[in-house]
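> After the C-alpha cells below, expect a handful of questions from me.
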Amino acid sequence: MLGKPWQELAEKDHEVYACIESEFKRQEEGIELIASENFASEAVISSMANIMTNKYAEGRPSKRYYGGCRHVDTMENLAIERVCNLFSCNHANVQPHSGAQANAAAFLALIKPGDKILGLDLSNGGHLTHGSVVNFSGIHYKPHFYHLDTETELLNYDQIENLAESVKPQLIIAGASAYPRHIDFKRFREIADKVGAYLLVDMSHIAGLVATSLHQSPIPYAHVVTSTTHKTLRGPRGGIILWNDEKLTASINKGVFPGTQGGPLEHIIASKAVAFREASFESFKTYQKLVVQNSQVLAKELISLGFKIITGGSDNHLVLMDLSSTETSGKALEEALEKVFITVNKNTVPKEKRSPFVTSGIRLGTPAVSTRGMGESEMKKIANYIHLTYKQQGNDEALAKIGEEVKTLAKQFPLYSEWTKSK
Ligand code: DSN
C-alpha cells in the first residue's frame, strides 16, 4: 500500500488506486531505460494535484476570457519568468499540453497550410510532428526530409544545406527523438537564413542538457524553440514554446490559443513552474552530467559486449542499438527485456529493413536511472543484463533468473521513499 497522499484514494476509489499502485510497483521494481521518460520529483508530482484544475483561464495572463483569474495569472507569470530565466530567452508560452501541441501551435504561427517543411526523417531519428504523413505536420504541410549520413550516421550539414537549397522550404525543423549526438543549431540557422526559411528547434529530448549548458542552446539561433517538459527536464508531462523575437509573440500565442487549444491546464502549469525552479539548482547540473556519463558508459559497455551502436557512442542521454545484422529484431529484444523488468522501446535505425512495428533498433536512455542515483557500476551491470537477455531469448528459466537480479539491483535505489515509508 502506498503511503500519503494516496491513502484517501485507496479508501474512496479502490479500482483507480489499484492501477496506480500496480504502476508504482512496476516503476519501482524495474530498470527504466526509455530515453523519453524520467521520474519527476515528489514536489513536481504533488503540485499537479491542486485546485487550479477547477479553473478556466482561456487567454494569456491579464488577457483572459474568464473572470477570477488573478491567482492563476500570478502563477502562470511565475512559470513564464522561471522558464525564461532557465533558458535565457525573452518570451515563453507554457500552456501547450504536450510537445506535439507545441509543435502544432508553432507551425500555425509560422507557416501556411501547403507550405514546404524540411525535417529529419522519422526512421533516422526524427519525430512524427516533423512531417510524418500520418500526422498533422505531413497532412497539412508538404513534408521533405533530410537523412543521416549513410557512412557516419551523423547529421551531414552540407547535405542538409544542398537539400534545403533545392527544396526551398518555408520551415526547417531541427531536433530528434533518437539521435545520440550533439546538434549544431548555429549551422541549422545558417542554412535556414540561406534559403529564407524559419528555423524551429524541437529540443524535447535534450531540454535538461540545454538548461545546464551540456548541449549548445538553440535559443540564440532558432526563430522558435519547442519542448516537452517531462523528459530530461524532469517536469510534469507537458509542452512549452520559447522565442526571442517580439514580432512573433502575437502569432505564437494565437497558435496555442485559440489556434490549437482551449483552456490551459493551470494545475499542470503550477507543476511546470516547480520543475523550472528545480532545473535551476546546481544539483540539477550534477544530475545532467551523470545522465551523459551513464549514457557513454552504457554505449561503451554494449560495444565491448559485441553490439553495434549507432554512431559508435553518445554525446547525450541516449544510445541507439543497431540489431540490423542480427536475427533479433527490436521488437523481440524489447519483449525479452520486459520479461527481465528492463523497459526499453524498439526503434527504427538508419537504412531500416524491418517494418516500423518490428524494427532493427533499441533506444536506450539514462535520464530515469540517473535520477535513481545509478552510476558507472550499475550501467556496466545493466549492459551485461541486456547482453545476457539477448543471448537467452526464449529461455524463460534463464530470463527469470536475470529478472531476479534486475529487481535486486533496482531495490538498492528506492523511488519516492517519502511516499513509501508507511507501506
Ligand atoms: N514519444 C516521444 C519519445 O519517446 O521520444 C517523443 O514524443
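> Of all residues being among the β-branched types (Val, Ile, Thr) and open to solvent by less than 30 Å² (accessible area, probe 1.4 Å) in region 376-423, which is farthest from residue 328 (Cα to Cα)? Just the residue, please.
Among those residues, the one meeting the criterion is 420.
> Of 126, 114, 99, which residue is modelled with pLDDT of 95 or more, of a type outside the set (Asp, Glu) and more than 15 Å from the ligand (Cβ to nearest atom)?
Selected residue: 114, the only one of 126, 114, 99 that is modelled with pLDDT of 95 or more, of a type outside the set (Asp, Glu) and more than 15 Å from the ligand (Cβ to nearest atom).
> Assess whether residue 358 counts as being touching a Ser or Thr at 6+ places or on another chain (Cβ under 6 Å) and surrounded by fewer than 24 Cβ atoms within 10 Å (Cβ to Cβ).
Taking the combined requirement at face value, the residue satisfies it.
> Yes or no: region 37-47 includes at least one residue that is part of a helix (DSSP H, G or I), of a type in the set (A, V, I, L, M, F, W, C) and open to solvent by 40 Å² or more (accessible area, probe 1.4 Å).
Yes, region 37-47 has at least one match.
> Let me ask you something else. Could you say which residue among 298, 305, 337 is within 26 Å of residue 152 (Cα to Cα) and open to solvent by less than 10 Å² (accessible area, probe 1.4 Å)?
The match here is 298.
> Write out, first by first residue and then by second, each pair whose Cβ atoms fall under 8 Å of each other, whose residues are 6+ apart or on separate chains, and whose first residue, in region 122-133, is at positive phi while the second is within 10 Å of the ligand (Cβ to nearest atom) and not polar (S, T, N, Q).
Hits for this filter: 125/176; 125/178.
> Answer yes or no as to whether residue 173 is within 30 Å of residue 265 (Cβ to Cβ), away from the ligand (no atom under 15 Å from the Cβ) and part of a strand (DSSP E or B).
In short, no.
> Can you spot a residue in region 144-161 that is in a helix (DSSP H, G or I) and either touching a strand residue (DSSP E or B) at 6+ places or on another chain (Cβ under 6 Å) or of a type in the set (A, V, I, L, M, F, W, C) (or both)?
yes
> Going by what's in this entry, would residue 80 be described as touching a residue at least 60 places away in the same chain (Cβ under 8 Å), β-branched (Val, Ile, Thr) and either over 19 Å from residue 163 (Cα atoms) or within 15 Å of the ligand (Cβ to nearest atom) (or both)?
no
> Please work out if residue 24 is part of a loop (DSSP other than H, G, I, E, B) and either surrounded by 14 or more Cβ atoms within 10 Å (Cβ to Cβ) or within 20 Å of the chain's Cα centre (by Cα) (or both).
In short, no.
> Among the residues of region 129-143, write down those that are within 16 Å of the ligand (Cβ to nearest atom), buried (at least 17 other Cβ atoms within 10 Å of the Cβ) and either under 18 Å from the mean Cα position of the chain (by Cα) or not in a helix (DSSP H, G or I) (or both).
129, 130, 131, 132, 135
> Can you tell me which residues in region 276-295 are surrounded by fewer than 15 Cβ atoms within 10 Å (Cβ to Cβ) and of a type outside the set (Ser, Thr, Tyr)?
281, 282, 289
> Looking at this structure, is residue 309 under 28 Å from residue 398 (Cα atoms) and more than 15 Å from the ligand (Cβ to nearest atom)?
Answer is yes for this residue.
> Residues 166, 177: which one is of a type in the set (S, T, N, Q) and under 16 Å from residue 228 (Cβ atoms)?
177
> Got a number for residues in region 194-246 being in a loop (DSSP other than H, G, I, E, B) and either without any contact (Cβ under 8 Å) to a residue 12 or more places away in the chain or not aliphatic (A, V, I, L, M) (or both)?
Counting residues in region 194-246 that are in a loop (DSSP other than H, G, I, E, B) and either without any contact (Cβ under 8 Å) to a residue 12 or more places away in the chain or not aliphatic (A, V, I, L, M) (or both) gives 21.
> Within region 201-216, identify whether any single residue is over 10 Å from the mean Cα position of the chain (by Cα), open to solvent by 10 Å² or more (accessible area, probe 1.4 Å) and hydroxyl-bearing (Ser, Thr, Tyr), and answer yes or no.
Looking for residues that are over 10 Å from the mean Cα position of the chain (by Cα), open to solvent by 10 Å² or more (accessible area, probe 1.4 Å) and hydroxyl-bearing (Ser, Thr, Tyr), one finds at least one in region 201-216, hence yes.
The values are calculated or read from the model by the stated rules, or taken from the named source; none is laboratory data. Predicted model, so just to flag it, every value in this text is computed and none were measured. Reconstructed Cβ throughout: ideal geometry from the backbone, glycine too, with neighbour counts over all protein chains shown. Note: areas computed on protein heavy atoms with side chains; ligands, DNA, RNA excluded. Shrake-Rupley method; radii C 1.70, N 1.55, O 1.52, S 1.80 Å.
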